[in-house]
């Protein structure tokens, strides 16, 4: 029983990381149909900004979060203006261009900061574990889980309750008509891309104490995160949350049953099968095209 | 259209003459240089294979490295068995280290060269055929094809590394014997080997061009533009897509076999995401619509990498990435598109028309 709960928690912890990485990707993909393969590199940049703030300015992880969010959002805004905004008519080419951006960002970090893995200390207040009977859970992982749910709630509120969200949903449904109502679609797109990138940066900051921070850390994350988005259903952030839960738990389950590599392979194959039979995902969005 | 076709044929002939005569002469028949260039030519084959599915039918296969890698492993398995002939049971050394006591059944067919050569083409083609039926019957297109092929590639590479007992794991297959091609012991640093690879490239280009120029090619281009409409005309879209997808895979497997010969080992990096991306970059640079364009793109980028990466060891990937973004943004048709535009303009000027008149005439036709 205790192993089972531990395993469940390991899955939930993995799911919370996936959710934060995938949420930004889902918003960008849902809003503009752009598959942002540079998303993993935004996560990586987030981790490195956290590292830089901690090492050079002595700012701890928690106070660094808002700075990281703004910094990576600015990077995302720049990328959208310079490259992605020119490619909205060519969806396949956005995959290629963002892939290229990913390589460039990764290589810039490798040259500028170095290829070796960096250490980032977790916040001191959250060190240690909490025990429930025989089950021992790491405080920091619990915090990441709660934070991911909070971010998800905030994103949902942004979409559903604010004027920006209303504009974005209008543009998603019909760009031309919403432009007729005076919404500046390109501005909405740029803000959305920046917000998605900022979320990726936050994800990078939060996972930096848990994983190896290297220039190539994003490559592994982006494939998984993208698969989560597709499984969840394009444009449905609720679907993304459910899908990251499923993928996280399944990966943890297979890893326990078999081993890590076979677990990953099994999940990849399962997801390929899923896309084949339900290409519109768990919660397909109904949009008039 | 005729004028463009003539320019295309001229381009093919120039390219073939260049790799048959120009390159060996320029390299001074130096064995080492010829070997390096033979490597570029084998990569040119896989680039034109991708152009066949991506440029012609619009199927962006981000997992092209998977079929390439399978070809490379098939060839390496044969050469490994030849090299291990002296061992007890003919067992390759790495299997002994991993406590495998007898040769597994799926290694047995690779003792024969003929079977190896056939399987090097057939295995990738069969795999792609199965994937093609799986994807295209369900009318999966565009971005989803890209993602499924990418996920498949990642899974395949993980699997190859995991099954260390049978595949050599992270190290791949090393310590291979030289190929004995029906009595001809292939020296990879010889002019003969260079011509073998060049001949394979030309053969692959001819086969590809025959497909592109046939009626099948026409239907494939129509599918690229609007698959729904082609379906309404009564064509079995999935069958055409599966055909071009598996042909492209067979050619990629062929390239992989040559590549394993040139480098004298097979490694899981051949099945890697980075390598698959590199293939896409070459094709994007050369021009996805033209098989020869893609081949030239592969040769040029690799040539630049060979020459420049000594100077810019660390920033080479950066340069490549920036170049790739610029090509995607401003030259989506690659160098081929640029040349074609240039030739069109020159031809019009020669006929004494201003560019505006020519455009008016074209739209009138």
Practice task
Go through the residues of the range B:296-303 one by one and say whether even a single one is modelled with pLDDT of 85 or more and either within 14 Å of chain A (Cβ to nearest Cβ) or over 18 Å from the mean Cα position of the chain (by Cα) (or both).
Solution key: yes
Exercise for the section: Could you identify the single residue in A:172, A:149 that is under 22 Å from residue A:242 (Cβ atoms) and at pLDDT below 85? Expected result: A:172
Practice task
Within the range A:185-194, identify whether any single residue is away from chain B (no Cβ under 13 Å), out of contact with any helix residue (DSSP H, G or I) (no Cβ under 7 Å at 6 or more places or on another chain) and free of Cβ contacts under 8 Å to residues at least 12 places away in the same chain, and answer yes or no.
Solution key: yes
Completion exercise
The residue from B:158, B:220 that alone is touching a residue at least 40 places away in the same chain (Cβ under 8 Å) and on the phi < 0 side of the Ramachandran plot is B:220
Exercise for the section: Could you look through the range A:76-97, keep only residues that are facing chain B (nearest Cβ under 9 Å) and surrounded by 21 or more Cβ atoms within 10 Å (Cβ to Cβ), and pick out the one that is modelled with the highest pLDDT? Expected result: A:97
Practice task
Check A:73, A:10, A:64 and return the single one that is away from chain B (no Cβ under 14 Å), modelled with pLDDT of 90 or more and assigned to a helix (DSSP H, G or I).
Solution key: A:73
Handout entry: residue A:250 closer than 30 Å to residue B:136 by Cα and either buried (at least 17 other Cβ atoms within 10 Å of the Cβ) or away from chain B (no Cβ under 14 Å) (or both)
Key = yes
Handout entry: Given (1) closer than 26 Å to residue A:241 by Cα; (2) modelled with pLDDT of 85 or more, number of the condition residue A:100 does not satisfy
Key = (1)
Practice task
Select from the range A:103-126 the residues that are away from chain B (no Cβ under 11 Å) and touching a helix residue (DSSP H, G or I) at 6+ places or on another chain (Cβ under 7 Å) and write down the one among them that is modelled with the lowest pLDDT.
Solution key: A:126
Exercise for the section: From the list B:252, B:274, pick out the single residue that is part of a helix (DSSP H, G or I) and away from chain A (no Cβ under 14 Å). Expected result: B:252
Problem - Test result for residue B:284, within 14 Å of chain A (Cβ to nearest Cβ), crowded, with 24+ Cβ neighbours inside 10 Å and either modelled with pLDDT under 85 or assigned to a helix (DSSP H, G or I) (or both) - result: yes
Practice task
Could you list, in sequence order, all residues of the range B:338-365 that are modelled with pLDDT of 80 or more and out of contact with any helix residue (DSSP H, G or I) (no Cβ under 9 Å at 6 or more places or on another chain)?
Solution key: B:338, B:341, B:342, B:346
Practice task
Being modelled with pLDDT under 85, touching a helix residue (DSSP H, G or I) at 6+ places or on another chain (Cβ under 7 Å) and away from chain B (no Cβ under 14 Å) narrows it down to one of A:283, A:226, so name that one.
Solution key: A:283
Handout entry: Yes/no for residue B:305 being in contact with a helix residue (DSSP H, G or I) (Cβ under 8 Å, 6 or more places away or on another chain), surrounded by fewer than 24 Cβ atoms within 10 Å (Cβ to Cβ) and part of a helix (DSSP H, G or I)
Key = yes
Practice task
Check every one of the helices (runs of 4 or more DSSP H) wholly within the range B:81-170 and list those with 3 or more residues that are within 12 Å of chain A (Cβ to nearest Cβ) and crowded, with 18+ Cβ neighbours inside 10 Å.
Solution key: B:113-136, B:142-162
Practice task
Among the residues of the range A:211-257, write down those that are farther than 19 Å from residue A:192 by Cβ and outside any helix (DSSP H, G or I).
Solution key: A:211, A:212, A:213, A:214, A:215, A:216
Exercise for the section: Being under 22 Å from residue B:290 (Cα atoms) and facing chain A (nearest Cβ under 7 Å) is the filter; apply it to the range B:322-335 and report the residue that is farthest from the chain's Cα centre (by Cα). Expected result: B:329
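The values are calculated or read from the model by the stated rules, or taken from the named source; none is laboratory data. Because the structure is predicted, anything quoted here is derived from the model rather than measured. A quick note on method: Cβ atoms are made from the backbone with ideal geometry, for glycine too, and the neighbour counts reach across all protein chains shown.
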